[in-house]
1. Against the 2.2 N^0.38 Å scaling, with N counting residues, where does the chain land? I'd like the Cα-based Rg ratio to two decimal places.
2. Starting from the Cα of Lys38, draw a straight line to each of the aspartates and glutamates and keep only those under 19 Å, dropping any in the same chain fewer than 8 residues away.
3. Order 134-141, 204-211, 324-331, 215-222 from most to least packed using the mean count of other Cβ atoms within 10 Å.
4. Taking the 0 to 90 degree range and rounding to the nearest ten, how far is the long axis of helix 80-96 tilted relative to the main principal axis of the chain, both from C-alpha atoms?
5. If one takes the longest principal axis of the Cα atoms in the chain, at what angle in degrees, from 0 to 90 and to the nearest 10, does the Cα axis of helix 270-281 lie?
6. Using just the C-alpha positions of segment 158-270 as equal point scatterers, what log10 of I(q)/I(0) does the Debye formula give at each q in 0.10, 0.17, 0.18 1/Å?
7. Which links in Lys125/Lys161; Lys313/Lys400; Lys4/Lys179; Lys80/Lys392 stretch past 19 Å when you go from one Cα to the other?
8. Compute the angle between helix 153-163 and the longest alpha-carbon principal axis of the chain, please, reported from 0 to 90 degrees and rounded to the nearest 10.
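The values are calculated or read from the model by the stated rules, or taken from the named source; none is laboratory data. Bear in mind that the values here come from a model prediction, so they are computed numbers and not experimental data. Please note: Cβ atoms are built from the backbone with ideal geometry, for glycine as well, and neighbour counts cover all protein chains shown. We work out accessible area using only protein heavy atoms, side chains counted, and drop any ligands, DNA or RNA first. Shrake-Rupley method; radii C 1.70, N 1.55, O 1.52, S 1.80 Å.
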Amino acid sequence: MVKKIKACRICNKEALVQFLPLGRIPLPNGFIEHKNLKKIEARYPLNVALCTHCGLVQLLDIVDPEEMFHNYVYIPSTSKTRMNNFAEIASQARQRFAVTTDSLVIDIGSNDGSLLSFFKGHGIKTLGIDPAENLAKIAELKGIETVNDYVSARLARKLRKAKGGAKVITATNVVAHIKDLHDLLSAVEILLADDGVFICEFPYLLDLIQNNQFDTIYHEHLSYFSIKPLLNLLSQVELECIDIERTAIDGGSLRVFLAKKKNKRPLNSKIAAMQKAEFVYGLGSIETFNSFADRVRKIRTDLHTTLADLKSKGKTIAAYGAAAKGNILLNYCKIGNRLIDFIADSTPYKQGLYTPGTHIPIYPESEILGRMPDYILITAWNFAKEIKDKEKKYTAQGGKFIIPVPAVTIL
Ligand code: JHZ
């Protein structure tokens, strides 16, 4: 089921201007079993717009969350870079906000409990909230108590009564997945202790646009934040931004620290400077987004041409990382199993399956050296360094990597 959006989900104005129609694409985590390859796949519109009033970039079509999140194949523990980022968030939270063994830490969108394990390891009380039944079970097996549900103010009231207030609430790469942002922040207000802090991290729109990271745009990500819409949203609730950091994860993200307004913590001066930089770059103007869309179309042509040329010369090509973003890249650029022989991925739940829309088989990473393709397209480009470091033997034997963004490059 898909719902069309007319008004902005933050400011409620009918000021949405579409700038990048990516077409109808299967859900990016909808990997397929071999026996289902001949079945017709559901495709969903992927159109993105700018709210010319508050600046929130957002999808115009919303897929039913149950179709996307009930059973989820993505787990963060497949990347050292991501786990290091989680470790950093946990240690920052413990040191900066005086989290002790008496404190409660809640993670929204807790997946398999990976982030919370860095708190649990220090004897801190933890609670995960995640709608994916399969992942909540895995987290529980690791000893991370997990409520298998979508976060909401209603659920928050129940949990607050049962568990008390949280000193820290985290939400990494999950704010973009949630349709009702006001309800999310109400839930946070209810769950936070009066001196508590909400730490959320998500890809930063400025990095996404500057570096042509269009494949981060997919059905699961409903919102793409910059500072202006964030401040607009906060002006409507009882939370305020006490600090903000730019982090390198996922091609450039924002780590935002929110606290209850009644605490009267000083607003960080960084925020004004960042908002100014966004304005100077042109994030307030639709022309900026239209030229981004032109650059995206160029990447599509360049990538298809590069791979087709190599193939016509008899070269073999694989991809690395059956990431959700990779599936958007492959579908949008019309790169299927005629060009790419296989995708290497370390996620056990993805191996043996095929990519949605493009039907490329997913094999374990060991197949890289086993099959020695001439070229590897790094579809998980956000982890290019980690992948290149891991596959030094491949390059030593003459293998070459291709990076799709910010511009198609053969390394
Ligand atoms: P990765 C997911 O997006 C989904 P995806 C979600 N919607 C989100 O917002 C982001 O995460 C944060 C593999 N890999 O993290 C593992 C290797 O095989 O970029 C993953 O399948 N070997 C919640 O799917 C994929 O690549 C490696 O050495 O776009 C990376 O997926 C490394 C480093 C990764 O997220």
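1. Relative to the 2.2 N^0.38 Å estimate, the chain comes out at 0.98.
2. Within the straight-line cut-off, Lys38 pairs with Asp341.
3. Values: 134-141: 18.1, 204-211: 20.9, 324-331: 25.4, 215-222: 23.5.
Top to bottom by mean Cβ count within 10 Å: 324-331, 215-222, 204-211, 134-141.
4. So the helix axis and the longest Cα principal axis differ by about 10 degrees.
5. 40 degrees
6. Evaluating at q = 0.10, 0.17, 0.18 Å⁻¹ gives log10 I(q)/I(0) of -0.30, -0.83, -0.93.
7. Flagged as over cut-off: nothing, all pairs pass.
8. The angle comes out near 60 degrees.
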